[in-house]
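Heads up, the thing below is written out as structure tokens.
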Amino acid sequence: MAGWRPVLAATTGALLLAGCSGGASDDEPKAEGTPKKSSGASPSASPANEPYTLAEDRAPKTRAEAVAFVRELTVRPDYFGTGYRKRDPFESDPAEWAVLGEDCLWRREALPGTVLASLTRAYELPAKGGKGPVYLSLTVTVHQDVVSARRDMAGSLEEALRCPGQQLNATDQVLGLFSRADAFTDGRTVISDDDLTETGTWVAGGGKAHPFDWYKFRMGPVTVAATALHGSGRTADEDSTVTTDMGKGMTFVAASIDGRGKAGDASATAEPTEKKGAGQ
Amino acid sequence: MSEPLRSSDPSRIAGFRLLRRLGAGGMGVVYLGRTDSGALAAVKVIRGEGAGDEDFRARFAREVELARRVDSPWVVPVLDADAESREPWLATAFVPGPSIAEAVAAHGPLPSQAVRILGGLLAGALDAVHTAGLVHRDVKPGNVLLALDGPRLIDFGIARAADDTALTASGLVVGTPGFLAPEQAQGQPATSASDVFALGCVLAYASTGTPPFGTGTPDALVYRTVHDEPELGRVEGELRTLVERCLAKEPDSRPTADDIRGLLADDAPDASGGWLPDSVARMVAARAAESLAFPDVEPTVVDDPAVPARHPGRRRLLLAGGALLLAGGGTGAAVWASGDDKKPSASSGRPVYVLGVHTTAGTAEAAVSRGSERAARLAVAQHNATPKRSYDLKVKVLADKGDADTARAVARTFTADRDVVAVLGPVAELPMQRAAAVYGAAGLTHVSSTTGQQDYFLTSPKTSFQTGPAHAALGGWIALQAVVTNQVVPAGVVIDRSGGPAMQDQGTQVVGNWRNVLKSEVVPRVVAEDTDDGPKAVRDLLAADVKAFVYLGPLAATVRTAQALATARFTGPRWMQHQLYGSDFPRLAGTAGDGWYVVTDAVDPSVLTTKRAKDFTAAWRKRYGIAPEPYVTEAYDSVKMLLAEFARTVPAGARRRPVRSDLAVRLAKVKYQGIARTYAFGDFHQYDNSSTGWADETFVHEVRGGRFRQLGSLGDLHRAAESQS
């Protein structure tokens, strides 16, 4: 009966987690591994009655429209906090996206038929005052319809279950991933149709482990995802601020997509500007 | 479902030897009797006001005379009667079967074919009653008993006194609100068309498991019956059209009983019970077998003068819905006749405090809502039967609609009523999450026994409590069952998001434990909400050659998975999500459901051997006529715990009122021994499972033969495995 005690420990830990996820209050009880879904993800003090969303009929319909849509979105570095700047290369090829293989290794591949465009932008908070750099990415993906976007969210949830450890590239690994998604209709502190949060740690080349965050929102057929690879030298509170600020930046992007849908300019035609992103 | 005779009871009435009491009400007592030839009979003896009333006697005699003319195999026959006796009495054949109300409560709605058969035969029964010149006036699920060859209509119109009524804002009505026709509800005389309306309600109830005008106070029911359209849920096709016609507001627009019989005539049953679902047929057969075991002579018990509620006052009966059972298996009788807790005597001089029950209306939460209400009523009735109590309690039930606004509105109503001292509920997740803040702000303590998300603590850290484990914990315990029963094999786990966030809570733990603790292979699949991707996920996992299966999703998707796995001849261990315990899964999945497990904190106390469990089961049976349903034990524990701690906040002697917030302070530190578990609360006021006791407080049920059967606690299973190895 070797399994008895460890199971107990695992479930107790989950209970703590479940006890704290989903809240947005300052006196939130602190528990290790708690997804810091703090007020940063929701700039308004009270939960809104409507999620940030994009109606399917206001979303881009063609690849050209979708590429224009993702490129026209403004995502300024300071959305994520003071001191962030663009990395070079800044934008990925919108005809590719990252796919987690059966071997738990991320690779960039051509978009499947269900995805119209996907653009990743890269940012960094340079090292300063004994604190290591933060590498942040923001990806906006236009799916062909809402159902495809829902399947993509389900797939993202499945990834952490399938591969709790993932290889980002030749040197970087993320470990101990835990993710959960809450639909707006579940009534939790959620700002888009479906909010996914994933936390874990990342390790570069066998070095020390630092926090890793991945947030993903779904707004109708569009998903917005951000990752942050925290550098060394931060206290738990400072790491928490990095995460919160990333959530804030995503909220600006979400609000801008929501606003474009409401303004009716989502389907404005634009020439596809086929700029070669070097990818990652 | 029956109790021994008392010393005050006669041992014989005319040709009937009396064996047991089946029930008691305002009109008198119903006994189980046996004729000299050995046949069982239900003998109703009129006592009290009715017996001395000449008008009553005359009407009783006339109606008995008419009833003897009723000629239908589906109406319980009158065997004998005497209107002239000092205590007039009436004997009818005894039908040992369960009522529709009990069958549906225990096994869920009936399949549409069974409802059609029921409708045809009951229409025949009513036609016979109407032809004899009678109007039944109280057709309802509790007055239709089930036998293998068809239903039996009982309690047809006789000996129902004018005060056998429900009190509503508009006055007295005869019959049972919720099954009353609009004209009857408005105080007009009942006609044969009123019986047809009630028949429509019964058929809707049998089809959906809920009365078509909902549940609630008599006033609310009467209002809805008169003004609202019926809620017919999944009643479909011709049957729906027919039920809608029966439920026409205008009596002249309804079909006659004979019309209905004609429309449903092609659906005749055989005598084998094949028209009933297997689970119900087994229930019917079991009751029949039990009735054979009734002894011929039993010792009587001495009346206990300390129990005041034996002969409930007239006012209580009025509020009870006027549903005195005339005759029959003592099935419904216990429900209606065992005293009512709604109105403790106001003349006692004792203060009256209110226990709120915060439920959710609608089919999805119907079972837990009803169970919570029943648990509260039983606990409160027990309190009010305590001779030396210093205060009386009453129950107030309010239902939200499952959304934030109505949940908060219910909480505001409770918190605004200064007599409300504690609340059981809310029963559903979103209401718990949102109403908690209202309760917290008002300092009103509430306990939810049926939710497993713990968001409430953030907005209400002082007065909100949860007596059920987190969904995540229950998910983790699936892996524990696999360990203790030696079923650690590669598993496929499907998280179907259509089932809501609790699917992830459970699934994440199953996957994590399977991989990290059991060190076994696990293949997870997440199915997007509102897609039809479940079957493909199941096929993928079968193709991956998994040896165990966990499907965490809504009922229909899980049933479909059971069928797919049966078709694929998959025989490895299979688990469903814990919230499906007590659901329709066994009936819907049929034999494909056999062998599925569910791991839950919800206990079936009727199979436990401890004294507490036996006492509770007996009390429940006595009051409600059936074994405790899923989730009622935990609700009852929660109420008893609340009331026990509340008692300690009531100032002794003085006329001061207890301070609301004192209860939460006590509860946070409580260690309460319930029927099958000990309750204590953790830092977030959640059910504390950080000790090892929970293994004995978490139960594995297996679906077998059309129902959930409790295999034992995880601790039991573990010890059994240890003793074998």
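The values are calculated or read from the model by the stated rules, or taken from the named source; none is laboratory data. For clarity, every value in this text was computed on a predicted model and none was experimentally measured. Quick reminder, even Gly has a Cβ in these numbers, built from the backbone with ideal geometry, and neighbours come from all protein chains shown.
Within segment A:160-178, the residues that satisfy the criterion of being of a type outside the set (Val, Ile, Thr), more than 8 Å from chain B (Cβ to nearest Cβ) and assigned to a strand (DSSP E or B) are A:GLN166, A:GLN167, A:ASP172, A:GLN173, A:LEU175, A:GLY176, A:LEU177. Condition check for B:VAL380 on (1) more than 14 Å from every other protein chain (Cβ to nearest Cβ); (2) assigned to a helix (DSSP H, G or I); (3) under 30 Å from B:ASP604 (Cβ atoms); (4) at pLDDT below 95: one failure, at (4). Residues in segment B:455-505 that are closer than 26 Å to B:ARG408 by Cβ, more than 31 Å from the chain's Cα centre (by Cα) and more than 7 Å from chain A (Cβ to nearest Cβ): 3 in all.
Exactly one residue out of B:GLY706, B:GLY715 is farther than 27 Å from B:GLN433 by Cβ, in the same structural domain as B:THR571 (by TED's automatic domain parsing), touching an Asp or Glu at 6+ places or on another chain (Cβ under 6 Å) and surrounded by 18 or more Cβ atoms within 10 Å (Cβ to Cβ): that is B:GLY706. Taking first residues from segment A:55-66 that are within 17 Å of A:SER256 (Cα to Cα) and at pLDDT 95 or above and partners that are aliphatic (A, V, I, L, M) and in a helix (DSSP H, G or I), the Cβ contacts under 8 Å between residues at least 6 apart in sequence or on separate chains come to A:PRO60/A:ALA66; A:PRO60/A:ALA68. Determine whether B:PRO461 is touching a His at 6+ places or on another chain (Cβ under 7 Å), assigned by TED's automatic domain parsing to the domain that holds B:LEU663 and either over 24 Å from B:GLY500 (Cα atoms) or part of a loop (DSSP other than H, G, I, E, B) (or both). No; evaluated as a whole, the condition is false for this residue.
Just one residue in the set B:ALA556, B:ALA544, B:ALA537, B:ALA568 is within 14 Å of another protein chain (Cβ to nearest Cβ), aliphatic (A, V, I, L, M) and surrounded by fewer than 18 Cβ atoms within 10 Å (Cβ to Cβ); that residue is B:ALA544. B:ALA562 satisfies every condition listed in (1) closer than 22 Å to A:ASP152 by Cβ; (2) more than 7 Å from chain A (Cβ to nearest Cβ); (3) assigned to a helix (DSSP H, G or I); (4) in contact (Cβ under 8 Å) with a residue 12 or more places away in the chain except (1).
Screening B:ASN516 against (1) without any contact (Cβ under 8 Å) to a residue 12 or more places away in the chain; (2) away from every other protein chain (no Cβ under 11 Å) leaves a single unmet condition, (2). When segment B:219-243 is filtered for residues that are in contact with a strand residue (DSSP E or B) (Cβ under 6 Å, 6 or more places away or on another chain) and surrounded by fewer than 19 Cβ atoms within 10 Å (Cβ to Cβ), only B:ASP219 remains. The residue that is nearest to the other protein chains (Cβ to nearest Cβ), among those in segment A:143-159 that are touching a residue at least 40 places away in the same chain (Cβ under 8 Å) and hydrophobic (A, V, I, L, M, F, W, C), is A:MET153.
Among the residues making up segment B:654-703, those that are within 14 Å of chain A (Cβ to nearest Cβ), surrounded by 16 or more Cβ atoms within 10 Å (Cβ to Cβ) and not in a loop (DSSP other than H, G, I, E, B) are B:PHE681, B:TYR687, B:TRP694, B:ALA695, B:ASP696, B:GLU697.
The requirement of being of a type outside the set (S, T, N, Q), crowded, with 23+ Cβ neighbours inside 10 Å and in contact (Cβ under 8 Å) with a residue 24 or more places away in the chain is not satisfied by B:GLY590. Of the residues making up segment A:210-217, one or more are charged (D, E, K, R), part of a strand (DSSP E or B) and at pLDDT 85 or above.
For segment B:74-86, check the following and say yes or no: at least one residue is in a helix (DSSP H, G or I) and small (Gly, Ala, Ser). No, the conditions are met nowhere in segment B:74-86. Restricting B:THR415, B:THR406, B:THR386 to residues that are within 14 Å of another protein chain (Cβ to nearest Cβ) and among the polar types (S, T, N, Q) narrows the list to B:THR406. Per the listing B:ALA566, B:ALA627, B:ALA613, B:ALA602, the residue uniquely at pLDDT below 95 and among the aliphatic types (A, V, I, L, M) is B:ALA627. Given the conditions (1) in a strand (DSSP E or B); (2) closer than 30 Å to B:VAL243 by Cβ, report the number of the one that B:ALA101 does not fulfil. Tallying (1) in a strand (DSSP E or B); (2) closer than 30 Å to B:VAL243 by Cβ, B:ALA101 fails exactly one: (1). None of B:GLY171, B:GLY119 is of a type outside the set (Asp, Glu), in the same structural domain as B:ASP195 (by TED's automatic domain parsing) and modelled with pLDDT of 85 or more except B:GLY119. No other residue among B:VAL603, B:VAL650, B:VAL599, B:VAL639 is part of a loop (DSSP other than H, G, I, E, B) and touching a strand residue (DSSP E or B) at 6+ places or on another chain (Cβ under 7 Å) apart from B:VAL603.
The set of residues in segment B:578-596 that are in a loop (DSSP other than H, G, I, E, B) and within 25 Å of B:GLY476 (Cβ to Cβ) comprises B:TYR581, B:GLY582, B:SER583, B:GLY595. Screening B:SER449 on (1) away from chain A (no Cβ under 12 Å); (2) in contact with a Lys or Arg (Cβ under 9 Å, 6 or more places away or on another chain) shows it passes everything except condition (2). For B:SER390, the conditions (1) closer than 30 Å to B:ALA652 by Cβ; (2) polar (S, T, N, Q); (3) at pLDDT 90 or above are fulfilled apart from (3). For segment A:149-183, residues that are at negative phi, touching a Pro at 6+ places or on another chain (Cβ under 7 Å) and of a type in the set (Gly, Ala, Ser) total 1.
Evaluating B:ASN513 against the criteria (1) farther than 20 Å from B:ASP696 by Cβ; (2) assigned to a helix (DSSP H, G or I) leaves one unmet condition, (1). Restricting attention to segment B:519-534 and to residues that are more than 7 Å from chain A (Cβ to nearest Cβ) and among the small types (Gly, Ala, Ser), the residue that is surrounded by the fewest Cβ atoms within 10 Å (Cβ to Cβ) turns out to be B:SER520. Restricting attention to segment A:92-100, does a residue exist that is within 14 Å of chain B (Cβ to nearest Cβ), on the phi < 0 side of the Ramachandran plot and at pLDDT 95 or above? Yes: one or more hits. Note on segment B:429-487: residues that are at pLDDT 95 or above and among the aromatic types (Phe, Trp, Tyr) amount to 2.
Among the strands (runs of 3 or more DSSP E) confined to segment A:55-143, the ones with at least 1 residues that are in contact with a His (Cβ under 6 Å, 6 or more places away or on another chain) are located at A:115-125, A:134-143.
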